[in-house]
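The values are calculated or read from the model by the stated rules, or taken from the named source; none is laboratory data. Since the model is a prediction, treat every value here as computed from it, not as a measurement. Note that we place each Cβ from the backbone using ideal geometry, even for glycine, and neighbour counts take in every protein chain shown. Just the protein is used for accessible areas: all its heavy atoms, side chains included, with ligands, DNA and RNA removed. Shrake-Rupley method; radii C 1.70, N 1.55, O 1.52, S 1.80 Å.
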Amino acid sequence: AQSVSQHNHHVILSEAASLELGCNYSYGGTVNLFWYVQYPGQHLQLLLKYFSGDPLVKGIKGFEAEFIKSKFSFNLRKPSVQWSDTAEYFCAVNTNAGKSTFGDGTTLTVKP
Amino acid sequence: GAGVSQSPSNKVTEKGKDVELRCDPISGHTALYWYRQSLGQGLEFLIYFQGNSAPDKSGLPSDRFSAERTGGSVSTLTIQRTQQEDSAVYLCASSLTSEGGYTFGSGTRLTVV
């Protein structure tokens, strides 16, 4: 069975700092990869996704993620965070089994 | 509808009682999923419906849990004889295909006292 590991449980940054959240998965076959975000008091929403093609994918609000197949990684990045990026971020992997496996999430706190 | 709708948003129940949680997915989405999220934990897969295929029930934690999806649309998750460890936020999601990219509902927060 596949698993997803998010190494950082809680990240605290100041505004304008750069962000990188790690995500590694264990599955040897074809995968679809996702990042979801949950802002305080809101429901989970899709931030970006990778199915195929260019391994660098761009999502909403200036986020991007890079799929590195050899490292089984799909790290999330943003060059300059804002206070409004404070949220919980979940990495997820979907194989041909049809359901996604989620990581435990990373809480990002951005200090103004 | 415009999004995935779940009801109730909050449910407090006594240990041993049965509860039903409802999910109304986005119209036309063939795939429907139930997950639960306990405090400080990730999302735990429960069950997955895809079109008219038999559901994938591999994530249901015990036989007290069951779910159905009627007419390929609304789904109900039933928990019988609730226990305190069932307390969690139960999330429903739907997607156009089984490849992923979910739209989530707001969840039902279940508290068993």
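Candidates are the residues of the range A:1-15 that are open to solvent by 70 Å² or more (accessible area, probe 1.4 Å) and modelled with pLDDT of 90 or more; the one that is farthest from residue A:85 (Cα to Cα) is A:9. Here is the figure for the range A:20-47: residues that are crowded, with 18+ Cβ neighbours inside 10 Å, under 21 Å from residue A:83 (Cβ atoms) and within 11 Å of the chain's Cα centre (by Cα) total 5.
Could you check the range A:82-98 and list, in sequence order, the residues that are at the interface with chain B (Cβ under 10 Å from one of its Cβ atoms), among the small types (Gly, Ala, Ser) and either open to solvent by 10 Å² or more (accessible area, probe 1.4 Å) or in contact with a helix residue (DSSP H, G or I) (Cβ under 9 Å, 6 or more places away or on another chain) (or both)? Answer for the range A:82-98, where residues must be at the interface with chain B (Cβ under 10 Å from one of its Cβ atoms), among the small types (Gly, Ala, Ser) and either open to solvent by 10 Å² or more (accessible area, probe 1.4 Å) or in contact with a helix residue (DSSP H, G or I) (Cβ under 9 Å, 6 or more places away or on another chain) (or both): just A:97.
I want to confirm something. Restricting to the range B:104-113 and keeping residues that are open to solvent by 50 Å² or more (accessible area, probe 1.4 Å) and either more than 14 Å from chain A (Cβ to nearest Cβ) or touching a Leu at 6+ places or on another chain (Cβ under 7 Å) (or both), which single residue is nearest to residue B:9 (Cα to Cα)? Ranking the qualifying residues of the range B:104-113, first place goes to B:111.
Okay, residues lined up against (1) aromatic (Phe, Trp, Tyr); (2) within 21 Å of residue B:8 (Cα to Cα); (3) facing chain A (nearest Cβ under 9 Å):
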site: B:46; (1), (2), (3): no, yes, no
site: B:50; (1), (2), (3): no, no, yes
site: B:57; (1), (2), (3): no, no, no
site: B:67; (1), (2), (3): no, yes, no
site: B:70; (1), (2), (3): no, yes, no
site: B:82; (1), (2), (3): no, yes, no
site: B:86; (1), (2), (3): no, yes, no
site: B:93; (1), (2), (3): no, yes, yes
site: B:102; (1), (2), (3): yes, yes, yes
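Cβ-Cβ contacts under 6 Å between residues 6 or more apart (or on different chains), taken from a first residue in the range B:14-39 that is in contact (Cβ under 8 Å) with a residue 24 or more places away in the chain and on the phi > 0 side of the Ramachandran plot to a second residue that is surrounded by 13 or more Cβ atoms within 10 Å (Cβ to Cβ) and not in a loop (DSSP other than H, G, I, E, B), are absent. The single condition among (1) open to solvent by less than 40 Å² (accessible area, probe 1.4 Å); (2) within 15 Å of the chain's Cα centre (by Cα); (3) modelled with pLDDT of 95 or more that residue B:24 does not meet is (1). Could you tell me whether residue B:89 is open to solvent by 30 Å² or more (accessible area, probe 1.4 Å) and among the hydrophobic types (A, V, I, L, M, F, W, C)? So residue B:89 does not fit the description; no. Where strands (runs of 3 or more DSSP E) fall wholly inside the range B:22-99, the ranges with 1 or more residues that are touching a Pro at 6+ places or on another chain (Cβ under 6 Å) are B:31-37, B:43-50, B:88-95.
When A:37, A:81 are checked against the criterion of being outside any strand (DSSP E or B) and among the aliphatic types (A, V, I, L, M), A:81 stands alone in meeting it.
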